[in-house]
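I have placed the structure first, in the form of structure tokens, so that the comments after it can refer back to it.
The values are calculated or read from the model by the stated rules, or taken from the named source; none is laboratory data. Just so it is clear, the model here is predicted, and its values are computed rather than measured. For neighbour counting, all protein chains shown are included, and Cβ atoms are generated from backbone atoms with ideal geometry for every residue, glycine included.
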Amino acid sequence: MSEALSIHHDETGHHFEIIIDGHRAYLTYMDLGKQTLDFYRTFVPDALRGRGIAAALTKQALDYADSIGYSVIPSCSYVERYMELHDLQSQAAKL
């Protein structure tokens with residue numbers, strides 16, 4: 001995806017989201033305490049798939065966790081694969 005995406009982080013609602021052409025894509029997480037976030041769901045509607053939106057949501061969420069010094073539990077399979085592909089396992093929480 002070449003254009004910049006305007007991703008909104010709702011800290012109270014624990015999600016990152018973007019709305020494009022009336023379609024909402026999001027990544028949701030839980031704050032588990034002990035400086036750990038569980039990224040448990042990423043959703044991109046069919047109309048928006050294949051445009052790099054899930055990757056952009058995941059990158060922004062991981063950047064946020066890193067900026068506040070939190071580690072991540074990638075319960076969502078997409079986030080887990082993204083972290084493996086981009087060699088970001090060091091951000092994963094040690095369980």
Total residues in region 23-44, condition surrounded by fewer than 22 Cβ atoms within 10 Å (Cβ to Cβ) and part of a loop (DSSP other than H, G, I, E, B): 2
Contacts under 7 angstrom Cβ, first residue in region 53-79 being closer than 16 Å to Met30 by Cβ, partner in a loop (DSSP other than H, G, I, E, B) and of a type in the set (Phe, Trp, Tyr), 6 or more apart: none
Hits in region 59-84 - residues which are in contact with a helix residue (DSSP H, G or I) (Cβ under 9 Å, 6 or more places away or on another chain), in a helix (DSSP H, G or I) and either aliphatic (A, V, I, L, M) or over 12 Å from Tyr40 (Cα atoms) (or both): Lys59, Ala61, Leu62, Ala65, Asp66, Val79, Tyr82, Met83
The listed residue being in contact with a Leu (Cβ under 6 Å, 6 or more places away or on another chain) and of a type outside the set (Asp, Glu), out of Ala92, Ala61: Ala61
Subset of region 23-46 [farther than 19 Å from Glu80 by Cβ and either among the polar types (S, T, N, Q) or modelled with pLDDT under 95 (or both)]: Gly33, Lys34, Gln35
The one condition in (1) exposed (fewer than 14 other Cβ atoms within 10 Å of the Cβ); (2) part of a loop (DSSP other than H, G, I, E, B) that Ala47 fails to fulfil: (2)
